[in-house]
Amino acid sequence: MGLDGPVCESVINRMRHPEINAAAWPILMAIAIWVESPVIDLLSTSTTLAKDKQRYEKISRFVWYLLLWVTVAHAALVLTPMYGWVAGSLLGVKPAVAEAARAGLIILIPWSAMIGWRRYLQGILIRHGQTRAIGVGTSARVTALALTAFGLYLGTSLPSIVIAATALMAGVAVESALIHWLSRDVIARHFSQPGTSNEPPLTMKKLVSFHFPLTATTMVNLLIMPLVSAGLARTDRPVLALAGYGVAGAILFLHRAVTFCIPEVVITLYRGEATVAKLRNFSLGVGAISSSLILLLGLTGLDRIMFGWLIQAKPPIAEVAHWCYLLSAAVPFVDAAQAYVRGVLTAHHLTVSRLVAVLAAMVILVTVIGLGVWLRWSGPVLAASAVTSALLAELAVLSIAWAKAKTSTHSFSLT
């Protein structure tokens, strides 16, 4: 999935007005992913709770309500004057950049619903050990995205941001349809007959109380990208800073993406203290390898070749991207550590602590961004310092919450 960004960035930087459209890319993704945030944790919710027919039917109804909500919210944001206020007044983006991003966001109106349905079904597949189907779906997504992006690049004169958004939409549509088809057998096998579980039925109130803290956490957490973009828009060279940040972010996301599935791995395999050491060491090992690779590429200058040759970023953009990338080396390791702790907390249904942690992270993020703008830091220093500081603050609060939870005997009753 992390290949989406580099593919789209490579098209954007090969076409006209690369600086404007490359600057629009992080704005487009920041807004689209934030609107999508209520459905992202359907993966954890279905992995944890989809145990029998009654729960499957209850969660499915809840999912459809949620998909309708995010679709309406996305359309209302990009098709009304609200967008001008968000992009201009709130984020401080230049008008040309804001309009370029808007064109792509209109294409992405169905994006959140398709991702939500796909993540819900992926959670069910994970719950029942069918993770290979997820890899098949992701491979299909990347293939469809790349074929669409380069096909439109070679065969049309559409604006690059429109091509990138159309490619994103095509990839998600193909993946969602394939996951829907691949999950049919699992659903028929496990949810066609009433279960024999002794657990009480899942009510909508219990479902909302479980999912809402996760959603609120993700919504707040995904403010990182818009807030960093807003900070970069207030630097001395805002368009260049945003363009470089977008290019670096596309590759950095590849390093971070390998940590994103860790919570679901922990939720599925956690069996108390007997599994703690292995899961923790695995999680930290993934993060250490990913962060080390950033240092290797950044310190040797190989990342500049990647930005210039693979993504075709112009030299000024590639230089900003290099420093954003190198200064963010610690991010994947902190992501992995966070993912492990989030997984064990979610396995024990302790989701409120995640919200507290991310709120603390936002306080640190806004403080560092404000300090960076006031002291006129360069774009790379501002972005890397703000994101790394916020993630460390979140990890600290999560770790404290888990340490306290371990002292409470009732928290270790897995349900």
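The values are calculated or read from the model by the stated rules, or taken from the named source; none is laboratory data. Keep in mind that this is a model prediction, so the values were computed, not measured. A quick note on method: Cβ atoms are made from the backbone with ideal geometry, for glycine too, and the neighbour counts reach across all protein chains shown. SASA here: full protein model, heavy atoms, side chains in, ligands and nucleic acids out. Shrake-Rupley method; radii C 1.70, N 1.55, O 1.52, S 1.80 Å.
Helix 160-182 versus the longest principal axis of the chain: what angle, 0 to 90°, nearest 10, using Cα atoms?
The answer is roughly 20 degrees.
Ranked highest first by the average count of other Cβ atoms within 10 Å around their residues, in what order do 388-400, 223-235 fall?
223-235, 388-400
Order 90, 108 by their accessible area, 1.4 angstrom probe, all chains in place, largest first.
Of 90, 108, the descending order of accessible area is 90, 108.
Just tell me which aspartates and glutamates come within less than 16 Å, Cα to Cα, of residue 278; anything on the same chain fewer than 8 places away is out.
Correct list for residue 278: 264.
How much accessible area per residue does the stretch 239-348 have, in Å², with a 1.4 Å probe?
Roughly 39 Å² per residue, with all protein chains present.
So how tilted is helix 18-40 from the main axis of the chain? Cα-based, degrees 0 to 90, rounded to 10.
On a 0 to 90 degree scale, this one is about 10.
Can you quote the Å³ per residue value for the convex hull of the Cα atoms in the chain, rounded to an integer?
129
Å³ per residue of the Cα convex hull, for the stretch 59-184?
Taking the convex hull of the Cα positions in the stretch 59-184, it is 111 Å³ per residue.
Can you list the aspartates and glutamates whose alpha carbon is less than 20 Å from that of residue 94, not counting same-chain residues fewer than 8 positions off?
Filter leaves 9, 19, 236.
Of all accessible surface on the stretch 254-398 at a 1.4 Å probe, what whole percent is carbon and sulfur?
Carbon and sulfur: 76 percent of the exposed surface of the stretch 254-398.
Using Cα springs under 10 Å in a Gaussian network model of the chain, which residue among 347, 103, 250 shows the largest mean-square fluctuation?
In this elastic network of the chain, the residue with the biggest mean-square fluctuation among 347, 103, 250 is 103.
Cross-link partners among lysines for residue 53, C-alpha distance below 21 Å, same-chain residues fewer than 8 apart left out?
205, 206
How much accessible surface does residue 82 have with a 1.4 Å probe, in Å² rounded to 10?
Using a 1.4 Å probe on the heavy atoms, I get roughly 90 Å².
List the relative contact order of the stretch 321-415 as a percent without decimals, with contacts defined as Cα pairs under 8 Å and 6+ residues apart.
43
Cα extents of the stretch 151-274 along the three principal axes, largest first, in whole Å?
61, 38, 32
Averaging over every viewing direction, what projected area does the convex hull of the Cα atoms of the stretch 199-347 cover, in nm²?
Mean projected area of the Cα convex hull: 11.0 nm².
Whole number in Å², please: accessible area per residue of the stretch 99-174, 1.4 Å probe, ligands, DNA and RNA not counted.
36
For the stretch 1-67, what is the accessible area per residue in Å² when the probe is 1.4 Å?
30
With all protein chains present, how much of the accessible area of the stretch 13-160 (probe radius 1.4 Å) comes from carbon and sulfur, to the nearest whole percent?
Answer for the stretch 13-160: carbon and sulfur cover 67 percent of the accessible area.
Test of understanding: express the Cα radius of gyration of the stretch 333-378 as a ratio to 2.2 N^0.38 Å, with N the residue count.
Its radius of gyration relative to the 2.2 N^0.38 Å reference: 1.53.
Debye calculation, C-alpha points only, no solvent: report log10 I(q)/I(0) for the stretch 43-123 at q = 0.14, 0.21, 0.27 Å⁻¹, in the same order as the q values.
-0.59, -0.88, -1.19
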